[in-house]
Amino acid sequence: MRFYIQQHVFTWRDRFSIYDETERERYFVEGEVFSFGKKLHLLDLAGQELAYVHQEAFSFLPRYRISRDGADVAEVVRRFSFFRQEYEVAGLGWHVSGDFFAHEFEIRDLSGHLIAGVSKDWFSFGDAYAIDVDDYADEILALAIVIVIDAVISDDRA
């Protein structure tokens with residue numbers, strides 16, 4: 001399944017939509033404005049929370065937890081490296097690598113199976129991320145991880 005998220009979604013807005021390949025809104029994300037660290041809610045169109053993303057505010061490297069139904073299911077941590085960024089997704093055994101500033105990266109499981117590929121789509125919805133999620137993958141967790149990485153990139157540019 002292909003999804004689209006607007007580029008630079010965390011500049012001044014606290015709500016944005018996620019669209020499917022038919023350009024229909026599928027999900028939306030709402031942020032909490034006045035909080036320590038980013039706090040984001042991934043919601044369905046009825047307003048039901050599907051995932052909650054919250055930043056560990058006092059961490060040396062960016063660290064985000066992803067919760068579902070009130071329980072932490074994953075933690076996204078940027079790994080220290082001088083030459084490139086890498087992210088580990090603890091709790092799921094996923095790894096994220098690629099060229100993050102060019103918005104070209106992949107999420108893979110421990111066996112190397114592609115969970116999701118993210119690329120910049122220049123001709124849809126203005127400048128947007130195109131996220132291709134494997135049919136057998138958990139699309140909500142994959143989208144939450146992409147949202148985390150966009151938040152880290154946005155913070156790095158600020």
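Scanning region 103-121 for residues that are among the small types (Gly, Ala, Ser) and exposed (fewer than 13 other Cβ atoms within 10 Å of the Cβ) yields Ser111, Gly112.
Taking each residue of region 137-153 that is under 13 Å from Glu88 (Cα atoms) and looking for partners that are in a helix (DSSP H, G or I) with beta-carbon atoms closer than 8 Å, six or more apart or interchain, yields Ile149/Phe100.
Restricting region 6-30 to residues that are under 16 Å from Ile149 (Cβ atoms) and modelled with pLDDT of 85 or more, which is surrounded by the most Cβ atoms within 10 Å (Cβ to Cβ)?
It comes out as Val29.
Please work out if Ser35 is surrounded by 11 or more Cβ atoms within 10 Å (Cβ to Cβ) and either aromatic (Phe, Trp, Tyr) or modelled with pLDDT under 80 (or both). Yes; evaluated as a whole, the condition is true for this residue.
Answer yes or no as to whether Arg65 is basic (Lys, Arg), closer than 21 Å to Val152 by Cα and at pLDDT 85 or above.
Judged against the criteria, Arg65 is a match.
Exactly one residue out of Tyr87, Tyr129 is surrounded by 15 or more Cβ atoms within 10 Å (Cβ to Cβ) and modelled with pLDDT of 85 or more: that is Tyr87.
The values are calculated or read from the model by the stated rules, or taken from the named source; none is laboratory data. The structure displayed is predicted, hence computed values, not measured ones. Here the Cβ is made from the backbone with ideal geometry for all residues, glycine too, and neighbour counts use every protein chain on show.
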